[in-house]
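These notes concern the structure reproduced below.
The values are calculated or read from the model by the stated rules, or taken from the named source; none is laboratory data. Quick caveat: nothing in here was measured; it's all calculated off a predicted structure. When we count neighbours, we look across all protein chains shown, and the Cβ atoms used for this are built from the backbone with ideal geometry, even at glycine. Just so you know, the surface numbers come from the protein's heavy atoms only, side chains and all, with ligands and any DNA or RNA stripped out. Shrake-Rupley method; radii C 1.70, N 1.55, O 1.52, S 1.80 Å.
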Amino acid sequence: IVSTVQSNGESPRIDLLPGTLDLIVLRTLETMGPQHAYGIAARIEHVADRSIRLNQGTLYPALVRLGQRGWIKGTWQTTENNREAKYYAITRAGMRALAEETASWQRSAGLVNRLLTAEGE
């Protein structure tokens, strides 16, 4: 099963491996500090150079999962537009999980890269 992220029409649809969106959300919160869901999605889309577009059906389940694991915490606050929105912040447990998951992702990506670029021996 993959988490589907819709493209902007300029490139093929991108499928993220399970857990990848969670890792990206944690990194976004570590980098940006507390953000509401729209801010998280906008940051991810910007860093991805608009090659992925997150919709509510993709992002909100990730936020719920991360909250249930205790990796993020949500609090209601007033936005810059004077609206109430839930702001999410990474917790200490989330910081530890981010470090562990990042290391695991880098090991896995390195292995796959080695296998894909290996010449016949």
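Annotation note: Cβ proximity below 8 Å between a residue of segment 101-121 that is farther than 15 Å from residue 17 by Cβ and a residue that is among the charged types (D, E, K, R) and open to solvent by 90 Å² or more (accessible area, probe 1.4 Å) (sequence gap 6+ or interchain) occurs for no pair.
Name the residues in segment 23-62 that are among the acidic types (Asp, Glu) and modelled with pLDDT of 95 or more, would you? Matches in segment 23-62: 30 only. Filtering segment 36-52 to residues that are over 24 Å from residue 106 (Cβ atoms) and buried (at least 17 other Cβ atoms within 10 Å of the Cβ) leaves 36, 37, 39, 41.
Scanning segment 72-103 for residues that are closer than 15 Å to residue 26 by Cα, open to solvent by less than 50 Å² (accessible area, probe 1.4 Å) and either in contact with a helix residue (DSSP H, G or I) (Cβ under 9 Å, 6 or more places away or on another chain) or assigned to a loop (DSSP other than H, G, I, E, B) (or both) yields 72, 74, 87, 88, 89, 90, 91, 94, 97, 98, 102. Checking each residue in segment 59-71 for being in contact with a helix residue (DSSP H, G or I) (Cβ under 8 Å, 6 or more places away or on another chain), open to solvent by less than 80 Å² (accessible area, probe 1.4 Å) and over 14 Å from residue 23 (Cβ atoms) picks out only 70. Applying the criterion of being within 16 Å of residue 92 (Cβ to Cβ) and open to solvent by 20 Å² or more (accessible area, probe 1.4 Å) to the residues of segment 18-32, the residue that is nearest to the chain's Cα centre (by Cα) is 27.
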